[in-house]
C-alpha cells in the first residue's frame with residue numbers, strides 16, 4: 001500500500017514546517033509522516049511505531065470523509081490510541097460491562113464519537129495482513145461514525161447487528177475503491193483485505209453479531225465495486241451517502 005499523492009504532499013509540507021519552526025510541537029500535534037521507500041507503507045513501520053501509523057491511517061480515511069462530504073463538512077471522530085499494557089476510559093461498555101479500552105481495542109464508540117485503536121491489535125493487522133488491512137479496518141470504524149451522522153438506528157438484536165456491521169464493511173469497500181483510484185493500492189492489497197475479512201468474520205451460529213467471512217466479503221465488494229451510494233441499501237431510510 002502506498003501513501004496517496006495528496007497525503008505525501010501534506011507530509012512534505014508538515015516536515016518542512018517543523019524543520020523551520022522554533023516552537024516545540026504540542027502533545028496534540030500530528031506527527032510528520034515517516035518517510036517510507038517509494039511511499040510504500042508495508043514493512044516500513046515496526047511495532048513501537050504503531051501510534052504514528054495509526055495517525056497516518058486516520059489521515060487517509062479523513063481525507064476520504066472530506067471527499068464524500070464536500071458541501072457538508074463533517075468533523076471526523078477522534079482516534080484514541082491505547083498503548084500495550086494500558087487502559088483508557090471509554091463510555092461504551094465492552095461485552096462484560098467494562099467501560100474501558102485496552103491495547104486490543106478496535107472500535108467506534110457513538111457515545112463520545114471516538115474510535116479506540118489498541119497497539120496490539122493494529123500491529124497484528126499490519127504485521128499479518130499488510131499495511132492496507134489496519135487502514136481498511138479503521139475505515140470500517142469510520143463507517144460506524146457515518147452511520148451515526150446519518151441517524152442509522154442502533155441495533156437491538158443480533159440480526160440487526162450483522163446488518164449494521166455489514167454496512168460498515170461496505171463503507172470500507174467504498175473507501176478502498178477510493179484508494180485504488182488514487183493509485184494507493186499495491187499488488188496483493190486486495191487479497192490481504194480478503195484474508196483480513198476471513199480472519200475477523202464471525203462463525204455461523206446463534207448469537208453472532210458480525211457477518212460471516214463470506215457476508216463481510218460480499219458487503220465489502222458492494223462498496224469496492226460500486227460507490228458509497230450502494231451502501232445505502234442496508235438502511236434506505238437513513239442514507240450514509242447523499
Next item on the list: Looking only at the stretch 113-136, count how many residues are more than 15 Å from residue 65 (Cα to Cα) and in a helix (DSSP H, G or I).
Entry: 14
Checklist line | Positions within the stretch 79-112 being more than 18 Å from the chain's Cα centre (by Cα) and in a strand (DSSP E or B), in sequence order | finding: 88, 89, 100
Next item on the list: Kindly indicate whether any position in the stretch 157-179 is crowded, with 19+ Cβ neighbours inside 10 Å, in contact (Cβ under 8 Å) with a residue 40 or more places away in the chain and not in a helix (DSSP H, G or I).
Entry: no
Item checked: Qualifying position, being surrounded by 17 or more Cβ atoms within 10 Å (Cβ to Cβ), under 26 Å from residue 82 (Cα atoms), free of Cβ contacts under 8 Å to residues at least 40 places away in the same chain and touching a strand residue (DSSP E or B) at 6+ places or on another chain (Cβ under 8 Å), among 140, 144 -> 144
Margin query: Looking for something surrounded by 13 or more Cβ atoms within 10 Å (Cβ to Cβ), modelled with pLDDT under 85 and in contact with a strand residue (DSSP E or B) (Cβ under 7 Å, 6 or more places away or on another chain) - is there at least one such residue anywhere in the stretch 1-12?
Written below: yes
Next item on the list: Please verify whether the stretch 197-205 includes one or more residues that are surrounded by 15 or more Cβ atoms within 10 Å (Cβ to Cβ) and under 16 Å from the mean Cα position of the chain (by Cα).
Entry: yes
Notebook entry, point to check: Any residue at all in the stretch 207-227 that is without any contact (Cβ under 8 Å) to a residue 24 or more places away in the chain and not in a helix (DSSP H, G or I)?
Noted result: yes
Next item on the list: Could you look through the stretch 30-55, keep only residues that are out of contact with any strand residue (DSSP E or B) (no Cβ under 7 Å at 6 or more places or on another chain), outside any loop (DSSP other than H, G, I, E, B) and in contact (Cβ under 8 Å) with a residue 60 or more places away in the chain, and pick out the one that is nearest to residue 139 (Cα to Cα)?
Entry: 53
Item checked: Odd one out for residue 191 among (1) modelled with pLDDT of 95 or more; (2) assigned to a loop (DSSP other than H, G, I, E, B) -> (2)
Next item on the list: Report yes if some residue within the stretch 54-67 is in contact with a helix residue (DSSP H, G or I) (Cβ under 7 Å, 6 or more places away or on another chain) and farther than 26 Å from residue 232 by Cα; otherwise report no.
Entry: yes
Next item on the list: Determine which single condition residue 104 fails, assuming it passes every other condition in (1) touching a helix residue (DSSP H, G or I) at 6+ places or on another chain (Cβ under 6 Å); (2) farther than 26 Å from residue 209 by Cβ.
Entry: (2)
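The values are calculated or read from the model by the stated rules, or taken from the named source; none is laboratory data. Since the model is a prediction, treat every value here as computed from it, not as a measurement. Methodologically, a virtual Cβ is constructed for each residue, glycine included, from the backbone with ideal geometry; neighbour enumeration extends over all protein chains shown.
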